[in-house]
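I have placed the structure first, in the form of structure tokens, so that the comments after it can refer back to it.
The values are calculated or read from the model by the stated rules, or taken from the named source; none is laboratory data. For clarity, every value in this text was computed on a predicted model and none was experimentally measured. Cβ placement follows ideal geometry from the backbone for every residue including glycine, while neighbour counts extend to all protein chains displayed. In case anyone asks, the SASA skips ligands and DNA or RNA and just uses the protein heavy atoms, side chains included. Shrake-Rupley method; radii C 1.70, N 1.55, O 1.52, S 1.80 Å.
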Amino acid sequence: MDFSIRAANLDDCKDIARMIMELAEYEKVSDHVKVTQKDLEQDGFSKNPFFHGIIAEVPEQHKTKEGHTKIGYALYFYAYSSWSGRAIYMEDLYVMPEFRGKGVGKALMSKVAQLALAAGSHQLNFAVLDWNKPSMDFYLSQGCFDITATMGYHCMRCEGEALKHLAQL
């Protein structure tokens, strides 16, 4: 299948927002999505972006029945490990269902890995839901490993009122 991978730009935000909702629906958490197209525009394409993105795109002749040519994305940001130094965190990796199994996800993830190495990063971190066996199998096949199983780490979060409470001195 013919597709290309490129850096996301401001004009991609509408499609990224659409695919974020598709991913959230697949993960059964669509009610948790608060990010809007405007948020993506401000947070990803300002002077000091909070994230970076990669888009997978097909030519017009392979567009979806809904008319979409942007068929996948990866969002990532730079991080730092106090043990190994520079790192990259891949927040999302998504490919529309009809384009899965055709190398698109691997190409997106490979591009994030290339950017990580180019920036001097020593690790690529990401999370996957425990019930998402197809994704887990894919990541394991790429040489990734489950740090929850091997090192015992759990991903923690503080948000909303708890975050506000924590921020008070």
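Numbers at a glance
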{"read-out": "Filter result (in a helix (DSSP H, G or I) and open to solvent by less than 50 Å² (accessible area, probe 1.4 Å)) within region 40-94", "value": "Leu40, Gly44"}
{"read-out": "Residue satisfying all of: in region 3-39; more than 23 Å from Leu115 (Cβ to Cβ) and of a type in the set (Asp, Glu); surrounded by the fewest Cβ atoms within 10 Å (Cβ to Cβ) among these", "value": "Asp31"}
{"read-out": "Residue in region 93-101 that is charged (D, E, K, R) and either touching a strand residue (DSSP E or B) at 6+ places or on another chain (Cβ under 6 Å) or closer than 28 Å to Lys63 by Cβ (or both) present", "value": "yes"}
{"read-out": "Checking Ser30 against (1) of a type in the set (S, T, N, Q); (2) more than 29 Å from Leu140 (Cβ to Cβ); (3) touching a helix residue (DSSP H, G or I) at 6+ places or on another chain (Cβ under 9 Å); (4) without any contact (Cβ under 8 Å) to a residue 24 or more places away in the chain, the condition it does not meet", "value": "(2)"}
{"read-out": "The one condition in (1) at pLDDT below 95; (2) exposed (fewer than 13 other Cβ atoms within 10 Å of the Cβ); (3) over 17 Å from the mean Cα position of the chain (by Cα) that Ile147 fails to fulfil", "value": "(2)"}
{"read-out": "Only one of Leu108, Leu117 that is open to solvent by 50 Å² or more (accessible area, probe 1.4 Å), closer than 25 Å to Phe138 by Cα, modelled with pLDDT of 95 or more and part of a helix (DSSP H, G or I)", "value": "Leu117"}
{"read-out": "Subset of region 135-169 (residues that are charged (D, E, K, R) and either in contact with a Phe, Trp or Tyr (Cβ under 7 Å, 6 or more places away or on another chain) or not in a loop (DSSP other than H, G, I, E, B) (or both))", "value": "Asp137, Glu161, Lys164"}
{"read-out": "Members of region 8-24 that are in a helix (DSSP H, G or I) and under 15 Å from the mean Cα position of the chain (by Cα)", "value": "Asp12, Cys13, Asp15, Ile16, Ala17, Arg18, Met19, Ile20, Met21, Glu22, Leu23, Ala24"}
{"read-out": "Neighbours by Cβ (under 6 Å, 6+ apart or cross-chain): first from region 1-17, in contact (Cβ under 8 Å) with a residue 12 or more places away in the chain; second of a type in the set (Phe, Trp, Tyr) and assigned to a strand (DSSP E or B)", "value": "Ile16/Tyr73"}
